[in-house]
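Step one of this worksheet: look at the structure below.
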């Protein structure tokens, strides 16, 4: 019996220091759709060109709790006229504790966006399909490559001496947008 008490005590201390990663909530933070040339744009027979911009940001909410937001802006044009402009922001609230500092950037910049991006893809596809146009399905994103490119660009800025103290702090938590 005396052998189990110290083990139980050690186990409870180990549990308090164990890394914690929990998704608390996923939500649609913002969505907008503009069709400035409707209904005349529907008469165009030409296929639209689509430009898609992606951004990932994170913000501490309270201690050990972070909001991660994936934002996409998709603009479809036929010739020089905008068919539609859709923007969506999908947010997630994550509890992250007892993680080594060097792992926070990749978790906030790779793991968290990878969890919430499928929700954003579905919401954007649904929003566009409600226009009466065929849905545009956003491609899968390799957030690890996206994060690596962002960090490489930020380190090049730092090597050139253009990154100030605020930018260096942003680079450590992966909050900067590409």
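The values are calculated or read from the model by the stated rules, or taken from the named source; none is laboratory data. Quick caveat, the model's predicted, so the values are computed rather than measured. Cβ atoms come from the backbone with ideal geometry, glycine included; neighbour counts cover every protein chain shown.
Mind telling me which of the residues 96, 62, 116 ends up being crowded, with 16+ Cβ neighbours inside 10 Å, modelled with pLDDT of 95 or more and closer than 23 Å to residue 16 by Cα?
96
The set of residues from the stretch 86-99 being in a strand (DSSP E or B) and farther than 15 Å from residue 138 by Cα comprises 91, 92, 93, 94, 95, 96, 97.
Only one of (1) outside any helix (DSSP H, G or I); (2) at pLDDT 90 or above; (3) in contact with a strand residue (DSSP E or B) (Cβ under 8 Å, 6 or more places away or on another chain) is not met by residue 177, so which one is it? Checking residue 177 against (1) outside any helix (DSSP H, G or I); (2) at pLDDT 90 or above; (3) in contact with a strand residue (DSSP E or B) (Cβ under 8 Å, 6 or more places away or on another chain), the one that fails is (2).
Please indicate, with yes or no, whether at least one residue in the stretch 100-114 is out of contact with any strand residue (DSSP E or B) (no Cβ under 7 Å at 6 or more places or on another chain) and outside any helix (DSSP H, G or I). Looking for residues that are out of contact with any strand residue (DSSP E or B) (no Cβ under 7 Å at 6 or more places or on another chain) and outside any helix (DSSP H, G or I), one finds at least one in the stretch 100-114, hence yes. Scan the stretch 133-145 for residues that are modelled with pLDDT of 90 or more and either surrounded by fewer than 17 Cβ atoms within 10 Å (Cβ to Cβ) or over 15 Å from the mean Cα position of the chain (by Cα) (or both) and the total you get is 5. Of all the numbered requirements in (1) assigned to a helix (DSSP H, G or I); (2) in contact with a strand residue (DSSP E or B) (Cβ under 7 Å, 6 or more places away or on another chain), residue 66 misses one, and that requirement is (1).
Checked against the criterion of being part of a strand (DSSP E or B), under 22 Å from residue 118 (Cβ atoms), in contact with a helix residue (DSSP H, G or I) (Cβ under 8 Å, 6 or more places away or on another chain) and modelled with pLDDT of 90 or more, the candidates 28, 83 yield just one match: 28.
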